[in-house]
1. Residue by residue through region 63-68, what is 3J(HN,Hα) from phi via Karplus (6.51 cos²θ - 1.76 cosθ + 1.60, θ = phi - 60°)? Round to whole Hz and write x for glycine and proline.
2. Can you give me the long-range amide H partners of L247? Hydrogens built in the peptide plane at 1.01 Å from N, cutoff under 5 Å, separation of 5 or more residues or another chain.
3. Just to make sure I understand: if all protein chains stay in place, what is the order of S92, S171 by accessible area at 1.4 Å, largest first?
4. Hey, what D do you get for region 60-117 in µm²/s if you plug the Kirkwood alpha-carbon radius into Stokes-Einstein at 37 °C and 0.692 mPa s?
Amino acid sequence: MDGRSQRLQAEDVRIAPWWVTVVASGGYGFLLVAANSLWAGPVLEALGQVQHATAGLLPARFLMSLAAFAFLAVVIFWIARLKPADVGWHASALAPALGITLLCWALMQVGLCILAFALRDRPALTATDSGLLRLVLPMATDLLGNSWLEETFFRGYLLQQLFRRMVLRCSRRAAWWCAALGALLLFVLAHVPRFIGSPEDLPAGVGLAVLWAACFGGLLTVVFLVTGNLFLCVGLHALHNARPMLLAAPWQRVEIMWWVVTLAVILVWSVNEARKRARAARTGTGAHAPASQESVRDMA
């Protein structure tokens, strides 16, 4: 396995014209606003019919994500002529991402069980008539739909494009901060239409929902900067959205477990990279740090 492919090599990313980024961002935003404004009309009805005809195998949200992804693919790969590696798609990073995502899922089940015993609750399996399909299908559709779409655009494309532009005008530290905050800002703004369109789903209000989106996107940004593995961000994102839990638990507990395991991934990966650098320094070989770790140190 080529370790380099799993590192954040932003300097190797091809720079897309500014107008391509503007068109991609504007078109993506338009699709989001249109989807939310038409959600209760003919669009929802049509997508609902497809979802019903496929017995739920093609959920409406998955189909909307595919439409947005098709648009971005045309702009990024066909018009801008970028390669998959330019948006963080590295084949050798896929297997580690899948393995770590499965490990995080297993740790969440263990954590929920421990938390239930600590709170003197009796752990119970999630009630379902469809068995394994209920766990696998939502996770699969989110992996290939919403999570892949958002992580590819905001972390894989936008963050790296902003860095490549900014590093020509300021220091690496300032460039990383500007890129990370710029991509995060657009990530949060992309969720605002849904928050405004579904206030009944936000008992804490739109303001706290926006704050949550900033924290959520910020944590995934750190994961990408630390690991350089976009597929891992996709897996963690889908794990949060789909919540394929074996144990029945309030969503608050599931949310806590997700944050705990994601922070653990960042910590363990960072410690491992620090040990590699220390060992390389002692032996005098391979002393150059991964670009992903350089990016984090540059921001510090």
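The values are calculated or read from the model by the stated rules, or taken from the named source; none is laboratory data. This structure is a prediction, so every number in the text was calculated from the model and none was measured. Remember, those area values only see protein heavy atoms, side chains included, never the ligands or the DNA or RNA. Shrake-Rupley method; radii C 1.70, N 1.55, O 1.52, S 1.80 Å.
1. 5, 5, 5, 5, 5, 5
2. T126
3. Numbers: S92 35, S171 65 Å².
The most accessible residue leads, giving S171, S92.
4. Working: Rh = 14.5 Å.
Estimated diffusion coefficient is 226 µm²/s.
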